[in-house]
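Enquirer: Here it is: the structure, laid out below.
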Amino acid sequence: MDILREFLQESGFDTVEQSTILSQFHRRELSKGNLFAEAGRICDQLAFVEKGLFQFFADRDGDEITTYTAGTADFVVSLGSFLKQQPSRESIRALTDSVLWSISRHSFNQLRQTISSFELFYMGLLEDQINCIEESRYNLLTLSAEERYQKLMTDEPHLLQEVPLQYLASILGVTPRHLSRIRGQIRQLTINHQGWLTERSGHLSKRLAYLTDHLCIVNQLTKRRYEIATSNRVIISELFHISPALSA
């Protein structure tokens, strides 16, 4: 519960409000593959993810279409069903063994009525959900599949490690085969770029070695010229019986 308490504290709730809110949440464990919400049934629970990964998906002619994923410190809920008490259009499945802190719709609404700041918190959750939906819609309509994948790499790189390929493909609106091809192309570009950097580094190393050798030769020639000049001054001084300093 510590992670939920920290979340509430960061959201601006004081100690008393935190205790009141936390008393309405109940710990729930969900094994990998089990459903938190099921399409066709009313979702009357909202949950905070302490640990785990969840897939939001809908069925279309027997094919699963992944619409969203949620992980640690996210909320999971079939929002339309939760708000309107209508059968959910999507299911929510645990992709890993997970730990949740769950609250019922009735308790959630009671908190909205008894804690004024909780209503603002609730509005913030709705705004975040709307922004997420808006961004997903915009990206799907305006970005290419390659651009959507690269954006995912930049914004949420952990998903590439945690979410199975078929679910990532569904989120991006492509087939698993198409996603594999995109990943292969990006991997090849990375390899080519690394090869170019290695080759460039090799050229620079050779150039540096050449300059180092050249500098050594110059230093040796300078030293030799100095030695010859010194020797010449000594010879002149001996021939003409003058100080070597004056012969310079």
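No lab work stands behind these numbers, since they all come straight from the coordinates. Remember, predicted model here, so these are calculated numbers, not experimental data. Here the Cβ is made from the backbone with ideal geometry for all residues, glycine too, and neighbour counts use every protein chain on show.
Enquirer: For the stretch 169-181, take each phi angle, set θ = phi - 60°, evaluate the Karplus expression 6.51 cos²θ - 1.76 cosθ + 1.60, and give the result in whole Hz per residue in order, putting x for glycine and proline.
Expert: Listing the rounded values in order: 4, 5, 4, 7, x, 10, 7, x, 5, 5, 5, 4, 5 Hz.
Enquirer: Taking θ as phi - 60°, what are the ³J(HN,Hα) couplings along the stretch 27-41 by the Karplus curve (6.51, -1.76, 1.60), each to the nearest whole Hz, with x for Gly and Pro?
Expert: Using θ = phi - 60°, the values come out as 5, 9, 9, 10, 6, 3, x, 7, 9, 8, 9, 10, 4, x, 10 Hz.
Enquirer: Related question: Grab the beta carbon distance between H106 and L189, set R0 = 45 Å, and tell me the FRET efficiency rounded to 0.05. List each step's numbers first, then the result.
Expert: Values: r = 53 Å, r/R0 = 1.18.
About 0.25, to the nearest 0.05.
Enquirer: Enumerate the amide H contacts of Y68 below 5 Å, restricted to partners 5 or more residues apart or on another chain; note that Pro and chain-start residues carry no placed amide H.
Expert: F56
Enquirer: Quick check: residue separation of L126 and T72 times 0.36 nm, minus the Cα distance between them. What number comes out in nm?
Expert: Computed gain between L126 and T72 is 17.6 nm.
Enquirer: A further question follows. Work from the charge dipole of the stretch 93-190 (Cβ charges, +1 for Lys and Arg, -1 for Asp and Glu, about the Cα centre) and give the residue of Q129, Y149, Q110 farthest towards its positive end.
Expert: Y149
Enquirer: HN-Hα J couplings of the stretch 132-149 from phi, Karplus 6.51/-1.76/1.60, θ = phi - 60°, integer Hz, Gly and Pro as x?
Expert: 5, 5, 5, 5, 4, 5, 4, 4, 5, 8, 10, 9, 6, 4, 5, 5, 5, 5
Enquirer: Taking the Cβ-Cβ separation of S11 and L159 as r and a Förster radius of 25 Å, what is the calculated FRET efficiency to the nearest 0.05?
Expert: Efficiency computed from Cβ-Cβ geometry: 0.55.
Enquirer: Just want the ordering: T66, T114, from fewest to most Cβ atoms lying within 10 Å of their own Cβ.
Expert: In increasing order of surrounding Cβ atoms, one gets T114, T66.
Enquirer: Only four residue types carry charge here, +1 at the Cβ of Lys and Arg and -1 at the Cβ of Asp and Glu. Report the dipole size of the stretch 8-124 about the Cα centre in Debye, rounded to the nearest 20.
Expert: Numbers: 11 positive and 15 negative charges, 49 e Å.
Computed about the Cα centre, the dipole is about 240 debye.
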